[in-house]
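Reviewing the structure listed below.
Read-outs throughout are calculated quantities, based only on the coordinates presented, and are distinct from any laboratory measurement. Predicted, not measured: the structure shown is a model, and the values here were computed from it. Neighbour counts run over all protein chains shown; Cβ positions are idealised from the backbone, glycine included.
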Amino acid sequence: MLHKEGIIGNFENDIKQHELLIHKVCRMYARLPDDRKDLFQEIVIQLWKAYPGFRGDAKLSTWMYRVSLNTAITHLRRQRTGAGAELLRIDAIHEIPDQEEDARWQEMYKAIEQLNHVEKAVVMLYLEEKPYNEMEEIIGISTGAIRVKMSRIKKKLRLLIKNN
Amino acid sequence: MELDDLKQTWNTQTNDNTLNNDTLMQMIQHNSTGPLVGLKKAFSKQYRFIIIVAVFVLLQLTHGFTSINVIMFTFYAALCAGLAYFFYSNYRLVKRMEKMDMEMKTTIQQQISLLETRLQWHLTAVRIALLVFIALIEILPLFQHSRMIDKWHILPAYIRILIYAGLIALQYFASRSISRRKYGNYLAHLKELATQLQ
């Protein structure tokens, strides 16, 4: 009983410490607030299920990215559409200086929205400034392949922005 | 605008609302709504089915071992044992598919492999069950008489064989169609993800 309470306590602390990580994954993969909520809950459930098996072989954040991204890409097969659907939304402290700048940001978000599931994962880890070897631990493809993918994604984003 | 320009904003993101312990505990009490829920439900139905079959066999035994033919009982026992093993394998498979803490590529590859194995197993198991059923209908009259089976055996052998062949063909197409309807989309989605990970 005490052991279980200890696990619950540790889990609560770890989730709270990395809560933003889960929110970021949800913002990247779900467009509707309800979808985000569902995905957030599903990620927490999967983290809880996997938590007893976490042995500390990888960093906690690396392990959490794996569970969160795996859940997001396998869970969200059908995106709900319709009223309330939003572009990738970033609630940031950083102020966007003016309207023109804001429009450029929107173009970038719109382009990211058009990437496939795996490309979104790569972009997210890149934005998180994860080193390539950690990306390899999360995604499971070699550092070289990730670099190539990243370069292709940047080109694709430029093209998407241009076409949009 | 380049992707790198987004880094600063990305890394100053804030939470919509902060979790508290109660909310977190409520969340983990919920059942998963993931794609494996369907498989788990199917497993649960199969589990109930094996209990019904086992109870049926036990009831047959309580009516006296002498009244039931030894061959019939052997068939039942073999069928029960086969089904129990099949359902246990399914249970283990779903448990393995639930593992989400591996690298993304490994997770996707494992899910594809496990799901394909499961579908193949299902197809084979249903076919074996059907063959056992046909064998029972054909062998039973040699040892025991029942009005229904005797009526069936009035039909000429070639008509019975044609009907059996039709049943086997129907089972093949029905099983494939059900599998495709139930898991086809998910499998296709996983394969698409595997391609993206190349």
request  = Please work out the C-alpha center-to-center distance from segment A:117-146 to segment A:9-27 and express it in whole Å.
outcome  = 20
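What FRET efficiency comes out for the pair residue A:113/residue B:18, r = Cβ-Cβ distance, R0 = 45 Å, nearest 0.05?
Details: r = 26 Å, r/R0 = 0.59.
Efficiency at R0 = 45 Å is approximately 0.95.
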ask   = Pairs A:59/A:155; A:4/A:37; A:154/B:105: which exceed 25 Å Cα-Cα?
value = A:59/A:155; A:4/A:37
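How much mean residue ellipticity at 222 nm does chain B get from its helices, if each DSSP H run of length 4 or more adds -39500 (n - 2.57) and you divide by all residues, to the nearest 500 deg cm²/dmol?
-25500 deg cm²/dmol
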ask   = With charges set only on the Cβ (+1 for Lys and Arg, -1 for Asp and Glu), what does the dipole of chain B come to about its Cα centre, in debye to the nearest 20?
value = 920
key: Positive dipole terminus of the protein assembly as shown, leading residue within B:81, B:52, B:136 (C-beta point charges)   = B:136
